[in-house]
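The values are calculated or read from the model by the stated rules, or taken from the named source; none is laboratory data. Quick caveat, the model's predicted, so the values are computed rather than measured. We place every Cβ from the backbone using ideal geometry, glycine too, and count neighbours over all the protein chains shown.
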Amino acid sequence: MRSLIRFAPGAALLLATAFAQPRAGMRNMPMYDPATETTLTGTVDSVQQFPGACCRGYQSGTHVTVKTDAGPTEVHLGPTTFLTKHELSFAKGDKIEVTGSKVKSGDTSFVIAREVKKGDKTVTLRDKAGKPEWSGGPGRPGGPPMQ
């Protein structure tokens, strides 16, 4: 019984530390920063799906490269299933407008999209603070209803 009492606090600390660690692919991922929010308009140059690289609990994430007057910009949109649910898809040549946070990871700059417009359709991906709409929470898909 004494050995169990000695073991329990150490085990609890070990478990708490393990569950507090970010997912392997997300450790160095920059966060959305409303202070760096920008809007860009351009044409989709390429579309990439990254299996297992996005957004806890989702199978893949969608990124697009947008050709703008200032040059190409990589845009991280969100889970492919979230975009599909909102009937939003992208192909080379599509004209889009993206509002999001310009961030840097190492030597690479990209935009984490908050809102994307394609034609007459606008989809909000994150709230103004950057919290993903797919992450659950009051009034969000997968979250509890608003009180």
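Tell me yes or no: at least one residue of region 54-62 is at pLDDT 90 or above and either among the β-branched types (Val, Ile, Thr) or more than 16 Å from MET31 (Cα to Cα) (or both). Yes: one or more hits.
Of the residues making up region 100-119, those that are in contact with a Ser or Thr (Cβ under 9 Å, 6 or more places away or on another chain) and not basic (Lys, Arg) number 10.
Residue under question is THR65, and the condition is that it be over 23 Å from ALA129 (Cβ atoms), part of a strand (DSSP E or B), in contact with a Pro (Cβ under 7 Å, 6 or more places away or on another chain) and of a type outside the set (Asp, Glu); does it hold? Spelling it out, THR65 is indeed over 23 Å from ALA129 (Cβ atoms), part of a strand (DSSP E or B), in contact with a Pro (Cβ under 7 Å, 6 or more places away or on another chain) and of a type outside the set (Asp, Glu). In region 88-99, which residues are out of contact with any Gly (no Cβ under 9 Å at 6 or more places or on another chain) and crowded, with 17+ Cβ neighbours inside 10 Å? Passing the criteria: LEU88, PHE90, THR99.
Anything in region 82-104 that is farther than 18 Å from LYS131 by Cβ and assigned to a helix (DSSP H, G or I)? List them, or say none. Matches in region 82-104: THR84 only. Considered as a group, the residues in region 14-45 that are of a type in the set (Gly, Ala, Ser) and over 18 Å from the mean Cα position of the chain (by Cα) include one that is modelled with the highest pLDDT, and that residue is GLY42.
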